[in-house]
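The values are calculated or read from the model by the stated rules, or taken from the named source; none is laboratory data. Model, not experiment: these values are computed from the prediction. Neighbour counts are summed over all protein chains in view; Cβ atoms, including those assigned to glycine, are modelled from backbone coordinates with ideal geometry. Keep in mind that these areas ignore ligands, DNA and RNA; they rest on the heavy atoms of the full protein, side chains included. Shrake-Rupley method; radii C 1.70, N 1.55, O 1.52, S 1.80 Å.
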Amino acid sequence: MQKILVTGAVGQIGSELTMVLRKRHGNENVIATGHKRKPYKTLLESGPFHFIDCTKINTVAEPVKRYKVDTIYHLASILSVVAEGQPQLAWNVNMIGLYNVLEVARNYKCRVFDPSSISAFGPTTPLNNTPQDTTQRPNTMYGVTKVAGELLCDYYFKRFGVDTRGVRYPGLISYKTLPSGGTTDYAVEIYYAAIKQRKYTCYLKKGTYLDMMYMPDALKAATDLMEANPAKLKHRNAFNVTAMSVAPEDFAAEIKKIIPGFTMDFKIDSLRQAIADSWPNNMDDTRAREEWGWQPEYDLESMTKDMIENISQKCKMKID
Ligand code: AKB
């Protein structure tokens, strides 16, 4: 039986991944950890929860040692917009935090899942059909930490034999936990606004294509990769994975099919637009498909239907 520790368990991915892992491996075998944010009742009551600070190695090592952890899903990270505002904080959390997790993994023989992101690419990367192996010269602090993280994870695998694996996540969309401080957050906001106000003001321009993915697929990517046969992995850190390439007007058109009165206008945020413009329009995820069978289930249409159904229920609002 695996003993798993999840960092960032109160965040957008962590809150859902922890519950999936608990269902699969048993509640007591998945140790959720967070930093400051209060954990949700279900997270807190369904299994062990500890506050840790990834920038302090002892706080990471303590639960790993205590619970004899063998697998770490390291999800604690500062996202792109916050990282541009506070680059020093982003370096600390994203780099020192990862370094500490890798050191603990080396000492206690743990496997590590560490997600990278589309932000690991930059303005000189091919924008369309972005290859798995290509130019990576990001111009944001978040992107710098993600490329460095990919390299560091590869280094720990080659140098110390730590079984590190990762994916480059696109913008993630979920109705359960809101993202915070990312460039792609609009893709979640738009659904809440459509249901609550029937209108949305988008901070990215029409025609800004970005890779996106529905959360159930993002969770599947993490667990499938961690369960993949290592002999088949030619790449490790990190695999391009995508489910759809979408611009704001595509979301609006899909939402309008279910909420015909929905309207969208634009008020461009120059920081977030510049970040989005530096990221790929669509990635080529052939390597993930070939090496560990990656296959997303949701497209824009099925995701939109599911998002609208679930948010309406959550907000107790009827769509007519
Ligand atoms: C962000 O927008 O910062 C994140 C990401 C794409 O990594 N969602």
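With the Cα gyration tensor of segment 221-305 giving a ≥ b ≥ c as the square roots of its eigenvalues, does the rule (a/c under 1.5 for rounded; else a/b larger than b/c for prolate; else oblate) give rounded, prolate or oblate? It is oblate, given that a/c is not under 1.5 and a/b is not larger than b/c. Restricting segment 264-320 to trypsin sites (Lys or Arg not before Pro) that sit in a DSSP loop and have at most 16 other Cβ atoms within 10 Å of their own Cβ leaves K267, K316, K318.
With all pairs of different alpha carbon atoms counted, what Kirkwood hydrodynamic radius in Å does the chain show?
Numbers: mean 1/r = 0.0504 Å⁻¹.
The answer is 19.9 Å.
Summing +1 for each Lys or Arg and -1 for each Asp or Glu among the other residues whose beta-carbon sits under 14 angstrom from that of P138 gives 0. Loop-located trypsin sites (Lys or Arg not before Pro) in segment 1-86 (DSSP state not H, G, I, E or B) with no more than 12 neighbouring Cβ atoms inside 10 Å: K36, K68. Extension gain, L271-T223: 0.36 nm per intervening residue step, less the Cα-Cα distance, totals 14.0 nm.
For the chain, the relative contact order is 18 percent, taking Cα pairs closer than 8 Å that sit 6 or more residues apart in sequence and dividing their mean separation by the residue count.
Taking only DSSP H segments of four or more residues, each worth -39500 (n - 2.57), what value at 222 nm results for the chain once the sum is divided by all its residues, to the nearest 500 deg cm²/dmol? Before the final figure, lay out the partial values.
Details: 13 runs with 137 residues, N = 320.
Value at 222 nm, helices only: -13000 deg cm²/dmol.
Could you name the aspartates and glutamates in cross-link range of K36, using Cα to Cα under 15 Å and dropping any fewer than eight places away on the same chain? Cα-Cα hits under 15 Å: D53.
When +1 charges are put on Lys and Arg Cβ atoms and -1 charges on Asp and Glu Cβ atoms, the dipole computed for the chain relative to its Cα centre reaches about 900 debye. So which of K65/K316; K38/K206; K220/K314; K109/K220 end up more than 32 Å apart by C-alpha? Flagged as over cut-off: K65/K316; K38/K206.
Please work out the C-alpha center-to-center distance from segment 20-93 to segment 172-206 and express it in whole Å. Each part reduced to its Cα centre gives a spacing of 25 Å.
With springs only between Cα atoms under 10 Å apart, run a GNM on the chain and tell me which of P48, P216, P179 wobbles the most. Answer for the Gaussian network model of the chain: P48. The Cα center of segment 113-140 and the Cα center of segment 226-295 differ in position by 12 Å. Report in % the part of the accessible area of the chain that belongs to carbon and sulfur, leaving out ligands and nucleic acids; probe 1.4 Å. Summing carbon and sulfur atoms, their accessible area is 52 percent of the total for the chain.
Take the Cβ-Cβ distance between K206 and I319 as r, set R0 to 30 Å, and report the resulting FRET efficiency rounded to the nearest 0.05. FRET efficiency, K206 to I319: 0.75. Solvent exposure of the chain, expressed per residue, is 44 Å² of accessible area, with all protein chains present and a 1.4 angstrom probe.
The angle between the Cα long axis of helix 57-66 and the main principal axis of the chain comes to about 70°, on a 0 to 90 degree scale.
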